[in-house]
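First up is the structure itself, then whatever we jot down about it.
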Amino acid sequence: MAQGIPDKMMSNTTLIKDLADVAKDAALLQGVLMRIHETPNSSELVTYAPFTLFPTPVPKAVFLQALAVQTHYNTLVDKISQDPDFLEEALASTIAVDDFTARLFRIHQQILKEGRSQSIVLGLNRSDYMLDQGDDGSSSLKQIEINTFAASFGGLASRTPDVHRHVLNVAGQLEESRRILDNNPAAGLAKAVAKAWELYGSERAVVMFLVEEGQRNIFDQRYIENELWKRNISTMRKRFDDVTKTGSLDQDKRLFVDDQEVAVVYFRNGYMPENYISEKTWDARLLMERSLAVKCPDISTHLAGTKKVQQVLASPGVLEKFFPDQPQVVEQIRATFTGLYTLDMGPEGEKTVAMALAAPDRFVLKPQREGGGNNIYGSEICQVLQGVKESTERTAYILMDKIHPTPVQNYLLRRDGPLKISNCLSELGVFGTYVRQGKDMVMNECAGHLLRTKSSEHSDGGVAAGVAVLDNPLLV
Ligand code: ADP
Ligand code: MG
């Protein structure tokens, strides 16, 4: 492993087995936890969240570049969310064929028509990158996507540094152990939520975590809840169904759920079509959007995080419109873009289709979905495109250059998984937080990082999907 763990250690199976046991216990001791698959709503049986045995080398310059651009990404997402004309134009072709995005867009339009009832905006996002390997061995930071909705693992990522420090200490790698960075997204995310709560201005009101039905990843969220309780801010966990049954607005549009006034709705659920099991779920979403509660994210910020918007941003001149007097900001953001191509009807879209069919292995085809496992790769790109290329259906997708990170060997530790060396690829996420009140940005920060690593056999899938695992960067 380049400038990381010595190869000799990586292949010493007795040592690795001992270290894996040490690592798993360290994860349990540090609270890097998940509920088990079989009983997602019971805390009686928990296990460690999957993670790598060793941290992964990441070039320092690229890591710092990712941190440095984050506040600009925050500003960009916020500006997009405030620009209804841009959103309408960018998403026009997509909403014509993608029902889910269309539904979200209708809520957005209804809110615009009625007028936004809350001028406080809370953004908690995570910009994800892979390090594209150049022919000369260099690596460049390329964005995979930005998550503006339910960006997760900030809680658990706050606890993983001590796990890797301990593993490296036990392995006798003291110098490497000292190089593991501190990281506390849980505190950073909570700080922004707390600011929004404070600006809302009611001591009685609570922060509502809108959570999924099966709550396997509850501990990740608990870290943020606990940070809020430490600041004397009450939190409650509710599902869409609870909002359906007990949610209401008073005449000032204050949101009440279970008789509690809600200052902030923090959505950790609601980004997939399957989360909306009935019309009632959509009604609950609309109720929350219309309310005076601060929504994280609000509907327009949700739309700003779509893959179609990401593709449009990469078109010439678009970033310049958002940062007319800041060419250096445009440059900093654009440097992180890889090739993104429209599939809209017309000559440009035709060119994209031809390019993808000619060399499918160079690209990833992406629908407007979140949560991992939706993207299309390789020969399947041809199959899908052959089916839709003549119709507007193709505009549900965008095409993106495939990024090629340098594979690194590591061991992926997961419950029931065999202990074997894997060729791994990593994805670096950077958390960004901001709070705006009317025209004033009152907070705009970078709140920490997340490294996730998966076996190179898998082209897609996150930690929750059981593919990627938690990791830490070892700056080199
Ligand atoms: P999702 O919203 O489902 O998380 P992503 O755009 O993050 O969608 O893609 C899911 C996964 O697919 C990523 O975590 C990454 O592993 C892989 N992936 C996505 N885009 C690319 C790309 N351009 N090059 C290489 N891998 C990619
Ligand atoms: Mg992703």
Only one of these is of a type in the set (S, T, N, Q) and open to solvent by 60 Å² or more (accessible area, probe 1.4 Å): Gln82, Gln118. Name it. Gln82
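Yes/no matrix, rows are residues, columns are (1) in a helix (DSSP H, G or I); (2) within 19 Å of Pro405 (Cβ to Cβ); (3) touching a residue at least 24 places away in the same chain (Cβ under 8 Å); (4) outside the structural domain of Val408 (by TED's automatic domain parsing):
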| site | (1), (2), (3), (4) |
| --- | --- |
| Ala23 | yes, no, yes, no |
| Ser42 | no, no, no, no |
| Thr47 | no, no, yes, no |
| Ala61 | yes, yes, no, no |
| Ala66 | yes, yes, yes, no |
Of all helices (runs of 4 or more DSSP H) fully inside region 287-400, the set with 2 or more residues that are away from ligand 1 (no atom under 15 Å from the Cβ) and closer than 30 Å to Ser119 by Cα is 299-304, 318-322, 327-334
Go through the residues of region 423-437 one by one and say whether even a single one is assigned to a loop (DSSP other than H, G, I, E, B) and either buried (at least 16 other Cβ atoms within 10 Å of the Cβ) or of a type outside the set (Asp, Glu) (or both). no
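Scan region 121-155 for residues that are outside any strand (DSSP E or B), within 16 Å of ligand 2 (Cβ to nearest atom) and either open to solvent by 30 Å² or more (accessible area, probe 1.4 Å) or not β-branched (Val, Ile, Thr) (or both) and report the count. So that I can check it myself, show each step before the final result.
Let us first name the residues in region 121-155 that are outside any strand (DSSP E or B), namely 134-138, 148-155.
Going one step further and asking which of them are within 16 Å of ligand 2 (Cβ to nearest atom), we end up with 148-154.
Filter once more, so that each one left must be either open to solvent by 30 Å² or more (accessible area, probe 1.4 Å) or not β-branched (Val, Ile, Thr) (or both): 149-154.
Selection size over region 121-155: 6.
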Any idea how many residues of region 125-174 are touching a residue at least 40 places away in the same chain (Cβ under 8 Å) and more than 16 Å from ligand 1 (Cβ to nearest atom)? 15
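I need the full set of residues from region 5-30 which are in contact with a Lys or Arg (Cβ under 7 Å, 6 or more places away or on another chain) and open to solvent by less than 10 Å² (accessible area, probe 1.4 Å), in order please. Give the steps one after another, and end with the answer.
First, pick out the residues of region 5-30 that are in contact with a Lys or Arg (Cβ under 7 Å, 6 or more places away or on another chain): 30.
None - no residue of region 5-30 is in contact with a Lys or Arg (Cβ under 7 Å, 6 or more places away or on another chain) and open to solvent by less than 10 Å² (accessible area, probe 1.4 Å), so the list stays empty.
Can you tell me which residue is nearest to Ala20 (Cα to Cα) among those in region 401-422 that are more than 16 Å from ligand 1 (Cβ to nearest atom), part of a strand (DSSP E or B) and open to solvent by 30 Å² or more (accessible area, probe 1.4 Å)? Step through it out loud before you land on a result.
Pass one, region 401-422, residues more than 16 Å from ligand 1 (Cβ to nearest atom): 409, 411, 413-421.
Going one step further and asking which of them are part of a strand (DSSP E or B), we end up with 409, 411, 413, 421.
From what's left, open to solvent by 30 Å² or more (accessible area, probe 1.4 Å): 409, 421.
Details: Gln409: 15, Ile421: 12 Å.
For region 401-422, the residue satisfying everything is Ile421.
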Condition broken by Asp344, with the remaining ones in (1) over 30 Å from Thr71 (Cα atoms); (2) touching a helix residue (DSSP H, G or I) at 6+ places or on another chain (Cβ under 6 Å); (3) within 16 Å of ligand 2 (Cβ to nearest atom) satisfied: (3)
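The values are calculated or read from the model by the stated rules, or taken from the named source; none is laboratory data. Note that the coordinates shown come from a computational prediction; the quantities given were computed from them, not determined experimentally. Every residue, glycine as well, gets a Cβ built from its backbone with ideal geometry; the counts of neighbours run over all protein chains shown. Heavy atoms of the whole protein, side chains included, go into the accessibility calculation; ligands, DNA and RNA do not. Shrake-Rupley method; radii C 1.70, N 1.55, O 1.52, S 1.80 Å.
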